[in-house]
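The values are calculated or read from the model by the stated rules, or taken from the named source; none is laboratory data. Since this is a predicted model, take the numbers as computed values, not measurements. Cβ coordinates were reconstructed from backbone atoms using ideal geometry, including for glycine residues, and neighbour counts include every protein chain displayed. All accessible areas refer to the heavy atoms of the entire protein, side chains included, with ligands and DNA or RNA removed. Shrake-Rupley method; radii C 1.70, N 1.55, O 1.52, S 1.80 Å.
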Amino acid sequence: MKFHVLTLFPEMIAQGLGQGILGKAAGKQLFTLNVVNIRDYTQERHGKVDDYPYGGGAGMLMQAQPVYDAYKAVAGGRKIRTIYVTPQGEPFTQKKARELSEEEELLFLCGHYEGIDERVLEEIVTDSVSIGDYVLTGGELPAMVMIDAIARLLPGVLGNDASAEEESFHCDLLEYPQYSRPEIWHGKQVPEVLLAGDHRKTAAWRLEQSISRTARRRPDLYEKYCKKQDIIKRLFSEKRNNIHMMEALASGRGEILYAADTGTSGEWDILVYDGESGICMMTAADETSGKMLAERIPADARWIVISQPFMKEILEKREFSDSGRTFPEDRKGKFRETALCGQMLYTPRETLSVRYKEVHRLSEKAFSYICLHYPEKEGGGEDYIRERIRAGALYGAFEEERLIGFAGVHRGGSLGMLYVEESRRGRGIGESLEAYVVNQMLGKGRTPYLYVDEKDIAMYRLQEKLGFYKARKNFLWLKKVLANGMTLC
Ligand code: 9D3
């Protein structure tokens, strides 16, 4: 990633981002930082870059010419995602940070005085972003805040362990209080439950603390959390059919885009979207509801999972718009059927025994091996595999240090990507790989579930042997295909 910053105070940016974790990451070339002094591009004699606003009013404005020339010096003829940091921008969020972290190059424009001449903003700015509702003296700190939040998402900046940790983070609630030695400080005792070493009781206490803290300090988040929990509870009555939505919501990745109990057929209208994986999940009470839900599918959805045949007709007939970030030239797409699957889940809380001992989390050394053997039809390509390795979501079976098979967790939360070399099959290695992944999921408080090709009887048998149960319904996966034939994961 390349960050460019246009500013009147270049030392501030270089100083602020040159320390600590980000300083170290820049030293390792995980990103580059190019700070440009707008004043270097003024055409006025005394380095002047500001003037009075037409129409009057307090203060000065930055003029268009120096800002534009500084921009041109960086961008040349290219089009760069250009973020104007301004109190009038959209709020900066973790979601925005994630979105911007996928760009190759970002340019931040820091305002000063009362702002910048609107005409230059119209020509160069792609996003206007604020860091919150309070008044600062300039855009330098906000730019640094945003670069910090984006850079820590780049591969290698925090290291593999930290990103693996992220998957278990309960993002709807605030974190619980933590304690370290000594056991008593200023007469205050560390809570008893944390000293007893009972993993389950500790987890329950922490969750309770998170909930009460969130209720007290962030009523807005607490309300969202309660709404989610209520829907998870209702989905529970048909757990096998609904586990994909329940897991998306419980893990914090899924958002409820629509939920209503129409109460006639026993089915409700639910639309859940996991923006991290681009997967949309839904059930509709009837065709009328189905059409209404189809209207609400986000433009950046890449996949849709359905379990009602009538939804297929509705979805395949429609044209969907695309957010256009990746293929700006062609913004229309249609959803096309890819695979019909059984959905299976593992409900016991007990971990499985892993008979084959040489199973470990994979590193990037395994990348080319996985690319070679991962079935293309499951879809994703090399970028997806690299992302999964970096997320710590892929595990391998080894024989004398040599990789002979793998399994993992998809971005949407389902288990999969199972492969064992032909010459090593029939020895329970696949079973052990899966058991290992199941145990990892259980350790994070997740319910393991997966999709099996509807016709793959042998795979059903293997899953049943491990303790998985199949949902009554079959699940159809649809993938967005754009007008120019491109697909994306
Ligand atoms: C008199 C109008 N002011 C707006 C409330 C003008 C003004 C105040 C502060 C213009 C610029 C600034 C400096 N702030 C930023 O550039 C800024 C900012 C902020 O102040 N708060 C939150 N996010 C941001 S992003 C850039």
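Go through the range 45-51 residue by residue and turn each phi into a ³J(HN,Hα) via Karplus (6.51, -1.76, 1.60, θ = phi - 60°); whole Hz please, and just put x for glycine and proline.
Per residue, the Karplus-derived 3J(HN,Hα) values read 4, 9, x, 6, 10, 10, 7 Hz.
Which value, in Å², gives the accessible area per residue of the chain when a 1.4 Å probe is used on the protein heavy atoms? Mind showing how you got there, number by number?
Working: 25910 Å² over 489 residues.
Value returned for the chain: 53 Å² of accessible area per residue.
Net charge around Ala284, counting only other residues with Cβ within less than 9 Å of its Cβ (Lys, Arg = +1; Asp, Glu = -1)?
In short, -3.
Of Asp133, Asp51, Asp261, Asp269, which has the most accessible area and how do the rest follow, probe 1.4 Å?
So, going from the largest accessible area down, we get Asp133, Asp261, Asp51, Asp269.
Compute the length gained on full extension between Ser368 and Thr32: take 0.36 nm times their separation in residues and subtract their Cα-Cα distance, giving the result in nm to one decimal. Don't skip to the answer; put the middle values down first.
Details: separation 336, 0.36 × 336 = 120.96 nm, distance 2.71 nm.
Using 0.36 nm per residue and subtracting the Cα-Cα distance, I get 118.3 nm.
Whole-Hz Karplus ³J(HN,Hα) for the range 52-58, in order, using 6.51 cos²θ - 1.76 cosθ + 1.60 and θ = phi - 60°, x for Gly and Pro?
Each residue's phi maps through the Karplus curve to give 6, x, 4, x, x, x, 6 Hz.
Do the alpha carbons of any pairs in Lys72/Lys96; Lys332/Lys479; Lys228/Lys444; Lys2/Lys28 sit beyond 21 Å of each other, and which pairs?
Correct reply: Lys72/Lys96.
Ser368: net charge of surrounding residues, Cβ under 11 Å, Lys/Arg +1, Asp/Glu -1, itself excluded? Before the final figure, lay out each step's value.
Details: positive: Lys365, Arg386; negative: Glu364, Glu382.
Spelling it out: positives minus negatives among the neighbours equals 0.
Once you list every other residue whose beta carbon is under 12 Å from the beta carbon of Ile131, what net charge do they have if Lys and Arg are +1 and Asp and Glu are -1?
Net of charged neighbours comes to -3.
When a/c reaches 1.5 or more, the comparison of a/b and b/c decides; with that in mind, is the range 30-85 rounded, prolate or oblate per its Cα gyration tensor?
In terms of gyration-tensor shape, prolate.
Pulled fully out, how much extra length does the chain show between Asp230 and Lys332, if you take 0.36 nm times their separation in residues and subtract their Cα-Cα distance?
Taking Asp230 through Lys332 to full extension adds about 33.2 nm, to one decimal.
Within the range 412-429, name every residue whose backbone N is under 16 Å away from a label modeled 7 Å from Cα of Asp453 along the Cβ vector.
Answer for this model: 416-422.
Between helix 64-75 and the chain, what is the angle of the helix's C-alpha long axis to the longest principal axis, kept within 0 to 90° and rounded to the nearest 10?
On a 0 to 90 degree scale, this one is about 50.
Starting from the Cα of Glu123, move 7 Å in the Cα-to-Cβ direction to define the label point; list residues of the range 54-70 whose amide nitrogen is under 19 Å from there.
54, 61-70
By how many degrees, 0 to 90 and rounded to 10, does the Cα axis of helix 239-250 deviate from the longest principal axis of the chain?
It is inclined by approximately 30 degrees.
If you roll a 1.4 Å probe over the range 39-150 with all protein chains in place, what percent of the accessible area is carbon or sulfur?
50 percent
Rounded to the nearest 0.05, what FRET efficiency do Arg200 and Glu103 give with R0 = 45 Å and r taken as the Cβ-Cβ distance? Could you check? Intermediate values should be presented prior to the final figure.
Values: r = 42 Å, r/R0 = 0.94.
It comes out at approximately 0.60.
Can you classify the range 57-106 as rounded, prolate or oblate using the Cα gyration tensor, where a ≥ b ≥ c are the square roots of its eigenvalues, rounded means a/c under 1.5, and otherwise it's prolate if a/b beats b/c and oblate if not?
Oblate, since a/c reaches 1.5 and b/c is not below a/b.
Counting only residues 5 or more places away or on other chains, whose amide H sits under 5 Å from the amide H of Tyr258 once H atoms are built in the peptide plane?
Amide H to amide H, under 5 Å and 5 or more residues apart or across chains, Tyr258 pairs with Leu271.
If amide H atoms are built 1.01 Å from N in the plane of the peptide, which residues on other chains or at least 5 residues away come under 5 Å of the amide H of Phe108?
For Phe108, whose amide H was placed from the backbone, the distant partners under 5 Å are His4, Val5, Leu6, Ile83.
R0 = 60 Å: FRET efficiency of Met60 with Ala339, Cβ-based, nearest 0.05? Please report the intermediate quantities before stating the final value.
Numbers: r = 61 Å, r/R0 = 1.01.
Once rounded, the FRET efficiency stands at 0.50.
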